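The structure appears right after this line, and notes come after that.
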Amino acid sequence: MHLLSRRRVPLISLVSLLSLALALVRPVASYVSADGTVVIPGASSYNGLNLVPQMGWDNWNAFGCDVNETLVLRTAERMVRYGLRDLGYRYVVLDDCWSVGRNETGFLVENPKTFPHGMKYVADTIHSLGLKFGMYSSAGVFTCGRYPGSLGNEQKDADYFASVGADYLKYDNCFNQGQSGTAQISFNRYNVMSQALNRTGRPIVYSLCNWGDDNPYDWAYTISNSGRMSGDVYDSFNRPDSRCPCTEAIGCAWPGFHCSVMNILNKMASIQSRTMSGYFNDMDMLEVGNGGQSDNEYVVHFSMWAMNASPLLIGTNVLTLSPANLAIYSNPAVIALNQDPSATAAVRKWRYFVDPDETGEGEIALWTRSLNNTDQVVALLNAANTSMMMNATMNDIFLDPRTAGAYQAPPQLSETWDVYDLWANRMSNAEAGAIINGTAMNLTANTNSTLTRYNATATSYAQGLLNNDTALLGLKVGSIAPGGTWSAMIPRHSVGLYRLRQRESKVVRRKDEL
């Protein structure tokens, strides 16, 4: 990762440069050098934004084009009331179908029937709730809903987004006039909007949604903050679909759409090294709550998106969330994995095809991830048709240091590791129901954590882990002795998700002699 991010800006007026410098002081201090380059110390992000994955809500999966001002603002209010904002779900993203065309000067115009108060009113109201506002367009002549796209109008549209107060742009791939087929062609097309957003002087997270076409994980990190690495998700755990023909990310000529959770997850295995601070491989929005999967399957979906540092965008109707689904979205111990400053993705250490279910698919796998504070995370994934006793050996967990260079046993193998189950403290349906009904205790800066709830606005996840906050650690369920194995019975279509912490040595050392 780059420890120093530098990007060229036009040699414009001193006032504009100073304004741009001030605008970029989020989340790290920046300055403009003598040659007009914006310097962002300590950032690997191309624009200093999104050093951990973005979180929020997007209307598309649940509503498609059936969206309006009332829905967006009521959802924002409910996200605050349910504690989702303070868990980190900050972006309220308005997807497609909000525009009716362009005015006489070429600027986009919102639909006056569905957004009667105008888009700036929507943004201002969302900002007043302590949230951020996201908008949508496509790098084509039309959006996917066949509304005006931004191809050829990038600067006008970027200026519009900035003028209404947008903090985020989801940028799709429909009707691209054939400007794809090689990485260079796609890079050039998406880079035009990247530069246009930069020129506005407003910090705007730039999220590419080009479905994995032309391998964005190989080039998009220099111009954007996240990039879709596969075709669109749909609410299925592992059903194969001919509209999603690829099972691997590398070499996929047409990613398609209607991709199951397991299809997208397994595509991450070969590209996990392309995840980095400031650029995340977007596995698409979360389907939790839309009704197509079991509770266990939704737990897998949420866990493995978090494990792989995918953006976490709620993709269901927040206004009708069930207690069980709110409990999944609200698990701070799992969110803390997603928001870990390491900004890394998980490694699939092994996979075996076994015991197929009714779809003809069945597999078990071990995924692991190293975290910023040296903790390790282990996911024992059972996508087979029956419950399985599954094992994670220390040799598998620490495969990479064990096989790096000339063999020397890594010190991790000789340590004892305490094991914490990250779903053991999942809030009950009764507690989640109380939050929905408005009868639960509100978390504040003084009471920012319980066993099952957390306020990341009051105390960051990184600081909470330093404080050993139980809400972020889950429940201690055992330990792994040096060179040992962790074993657990994992139900069908479920996952065992564990944080491993190195146990502090209790050896009493002899005092130095005088």
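Along the axis of the charge dipole computed for the chain (Cβ charges of +1 for Lys and Arg, -1 for Asp and Glu, origin at the Cα centre), the listed residues 408, 249, 338 are led at the positive end by 408. Dipole size of the stretch 275-418 about its Cα centre, with +1 on Lys/Arg Cβ and -1 on Asp/Glu Cβ: approximately 400 debye, rounded to the nearest 20. Think of each Lys and Arg Cβ as +1 and each Asp and Glu Cβ as -1; about the Cα centre, that makes the dipole of the chain roughly 1100 debye. In this structure the amide hydrogen of residue 136, modeled in the peptide plane, comes within under 5 Å of the amide hydrogens of 170, none closer than 5 places in sequence on its chain. Cysteine residues of the chain whose Cβ has no partner cysteine Cβ closer than 4.7 Å: 209.
Charged side chains reduced to their Cβ positions (Lys and Arg at +1, Asp and Glu at -1) give the stretch 350-502 a dipole of some 360 debye around its Cα centre.
Among the DSSP beta bridges whose two residues both lie in the stretch 125-271, what percent are antiparallel, rounded to the nearest 5? Intermediate results must be reported in sequence, preceding the final value.
On the way: 1 of 13 bridges.
Looking only at bridges with both residues in the stretch 125-271, the antiparallel portion is about 10 percent.
In order along the stretch 395-405, the Karplus-derived 3J(HN,Hα) couplings, from 6.51 cos²θ - 1.76 cosθ + 1.60 at θ = phi - 60°, round to 4, 6, 4, 10, 4, 5, x, 6, 10, 8, x Hz, and Gly and Pro are given as x.
Of the beta bridges DSSP finds with both residues in the stretch 44-345, what % are antiparallel, to the nearest 5? Walk me through the intermediate numbers first.
Values: 5 of 30 bridges.
Close to 15 percent.
What is the fewest-to-most order of 500, 422 by other Cβ atoms lying within 10 Å of their Cβ?
Working: 500 24, 422 28.
Neighbour counts put them in this order, fewest first: 500, 422.
Pairs with C-alpha atoms separated by more than 20 Å, drawn from the list 132/267; 113/156; 132/170; 267/349, are 132/267; 113/156.
Each residue of the stretch 409-419 is assigned a 3J(HN,Hα), and the resulting list reads 4, x, x, 4, 5, 9, 9, 9, 10, 7, 10 Hz, derived from the Karplus form 6.51 cos²θ - 1.76 cosθ + 1.60 (θ = phi - 60°), x at Gly and Pro.
Cross-link partners of residue 476 among aspartates and glutamates, defined as those whose alpha carbon lies under 16 angstrom from its own and excluding same-chain residues fewer than eight positions apart: 375, 418, 421, 504. What does the charge add up to near residue 292, with Lys and Arg as +1, Asp and Glu as -1, over the other residues with Cβ less than 13 Å from its Cβ? Around residue 292, the charge tally is -4.
Most tightly packed first, judged by the mean number of other beta-carbon atoms within 10 Å of their residues, the peptides 449-458, 275-284, 44-53 read 275-284, 44-53, 449-458. Cross-link partners of residue 120 among aspartates and glutamates, defined as those whose alpha carbon lies under 15 angstrom from its own and excluding same-chain residues fewer than eight positions apart: 69, 110, 157, 159, 167. Each residue, residue 400 and residue 270, gets one label point 7 Å from its Cα in the Cβ direction; the gap between the two is 1.9 nm.
Neighbour counts of C-beta atoms inside 10 Å place 503, 102 in the sequence 503, 102, starting with the fewest. Once backbone amide H atoms are built at 1.01 Å from N, residue 479 has 419 as its partners under 5 Å, excluding neighbours fewer than 5 places away on the same chain. Summing charges over neighbours of residue 179, with a neighbour being any other residue whose Cβ is under 11 Å away from its Cβ, gives -1 when K and R count +1 and D and E count -1. Other residues lying with their Cβ under 10 Å from the Cβ of residue 272 contribute a combined charge of +3, Lys and Arg counting +1, Asp and Glu -1.
Antiparallel beta bridges, as assigned by DSSP with both residues in the chain, represent about 65 percent of the total such bridges.
Compute the Rg to Rh ratio over the stretch 298-447 from the alpha carbon atoms, using the Kirkwood formula for Rh, and round to two decimal places. Ratio of gyration radius to Kirkwood radius for the stretch 298-447: 1.02.
Any read-out appearing in this document is the output of simple, stated calculations on the displayed coordinates, not a laboratory observation. For clarity, every value in this text was computed on a predicted model and none was experimentally measured. Neighbour counts run over all protein chains shown; Cβ positions are idealised from the backbone, glycine included.
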